[in-house]
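Here the structure comes first, spelled out in structure tokens, and everything after it is commentary.
The values are calculated or read from the model by the stated rules, or taken from the named source; none is laboratory data. Values in this document were obtained by computation on a predicted structure and should not be read as measured data. Note that each Cβ is placed from the backbone with ideal geometry, even for glycine, and that neighbours are counted across all protein chains shown.
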Amino acid sequence: MSDKTITRFAPSPTGWIHVGNLRTALMNYLIARKAGGEFILRIDDTDPVRSKEEYVDGIKRDLDWLGLHWDRVERQSLRLEKYQEAAQQLRDMDRFYEAFETPTELDLKRKKQLNMGKPPVYDRAALTLNDAAKEALRAERGEGVWRFKLKHERIVWNDGILGDVSIDGASVSDPVLIRGDGQILYTLASVVDDTEMGVTHVVRGSDHVTNTGTQIQIMHALGGDVPTFAHHSLLTGPQGEALSKRLGVLALKDLREAGIAPQALLSLMSRLGSSDPVELRTEMSTLIDGFNISRFGSSPTKFDAEDLKPLTAHYLQTLAVTDVADHIAALGVPEVQAEQFWAVTRENITTLHDLKGWWDMFSLGADPVIDDEDREFVAQAMGLLPEGPFDAATWGTWTAAVKEATGRKGKGLFMPLRKALTGQAHGPDMSSVMPLLQVVKARG
């Protein structure tokens, strides 16, 4: 095995990648970068029907957005000959056999085994078929699937998160590696790629633990080195519910379009499920330096997309106006007002999308909120409001005049005026708001 640390992220381009995929990608990326190694983006596109180029482009766009830059891209669809060579190698050593059961027959076998109190493991009936029987089945049903013949012995490894893992090979069905239509399945393709590409560390979800056991046996059969495996916990919703039903709204592209900052997403996902606290990290280097996979646990990990909002808001507060100048200009904010606009709004937004509401208020005026008991007071106050443009002194001068005329003071003075001008009970200091305010609807 190579002295250089090599990791990979191997998504299938059959849909948009989501937060669960990101967890795997990020851990593999951080391990590679911390060791000064190599991070491979490997597109698992062996399914020609479901794989789409738009999803390949989407995967790259999402990773680019997050700053998870790969060292090279591999396409499994371009390596099919390699997988066929490995399949033939397994046939030659009598570790690969063809089976012809239909899904219905397999389901019946499983039910019978469960009724008898036995584990639902494939019974290897196909190994008893002679050549004539295989030809007859092939003529009747078409090509069969190809299964890897597991050794019925314990498969053990030291997992980077789970610790010592042991699986009884006899408790697992011989895995199907090639479908009847000839499609190479993930288990075989991944083993061949990991071996040939010198992958040293594989981090993936805990739903792959059993699959890892079978892959280790295939690696041994093909003479490959076994990488260091680590299986992270699966994400659940905030109440512990299965996340799978909600992944449609947790695609990275949707989070990006919702205005979530990549730094917020990376900060959360690099610590979620570990013993380290989640803290905003604005630089990738600090994420890399602080990452330690041994600090992650095996228990299901709760993910709440709402946690990304305060992290995004915190991140935005660290930005200078030059960092968001293009976004502010696109709203129509005059360049001379951009710095003041950002200073007033940046601590009062959750995402950059919120800036539009603020600029609409400043440029078009807010719908005033006036309580019944304050109507006469607000009307009198509006009569004392000078014509614009306003400046930083306007609020203090105006409220002093209103106080003198009405006798109101404190919250009873300031709150009704804020609500009348901005339509909000809370917000930035009004002395800073006034110079940006171009329209006052409450006058009418």
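Any chance you could count how many residues in the stretch 296-344 are of a type outside the set (Asp, Glu) and in a helix (DSSP H, G or I)? Before you say what the answer is, go through the steps one by one.
So the first thing to find is which residues in the stretch 296-344 are of a type outside the set (Asp, Glu), and the list is 296-303, 305, 308-322, 324-325, 327-334, 336-338, 340-344.
Imposing the further condition that a residue be in a helix (DSSP H, G or I) reduces the set to 305, 308-317, 321-322, 325, 327-331, 336-338, 340-344.
Looking only at that region, the number is 27.
How many residues are in a loop (DSSP other than H, G, I, E, B), in contact with a strand residue (DSSP E or B) (Cβ under 9 Å, 6 or more places away or on another chain) and modelled with pLDDT under 95 when one looks only at the stretch 3-33?
3
Of Asp47, Asp64, which residue is within 16 Å of the chain's Cα centre (by Cα) and on the phi < 0 side of the Ramachandran plot?
Asp64
Take the residues in the stretch 169-212 that are in a helix (DSSP H, G or I) and among the hydrophobic types (A, V, I, L, M, F, W, C), then tell me which one is nearest to Lys118 (Cα to Cα). Break it down into steps so the answer makes sense when it comes.
We begin by selecting, within the stretch 169-212, every residue in a helix (DSSP H, G or I); these are 169-171, 186-196, 206-212.
When the remaining residues are screened for being among the hydrophobic types (A, V, I, L, M, F, W, C), the result is 170, 188-189, 191-192, 209.
Working: Ala170: 12, Leu188: 28, Ala189: 31, Val191: 30, Val192: 33, Val209: 21 Å.
Ranking the qualifying residues of the stretch 169-212, first place goes to Ala170.
Evaluate the stretch 237-247: report whether one residue or more is farther than 20 Å from Thr301 by Cα, in contact (Cβ under 8 Å) with a residue 60 or more places away in the chain and touching a strand residue (DSSP E or B) at 6+ places or on another chain (Cβ under 8 Å).
no
Please find, within the stretch 213-245, the residue that is surrounded by the fewest Cβ atoms within 10 Å (Cβ to Cβ) out of those that are aliphatic (A, V, I, L, M), part of a strand (DSSP E or B) and touching a helix residue (DSSP H, G or I) at 6+ places or on another chain (Cβ under 9 Å).
Per the criteria, the residue is Ala230.
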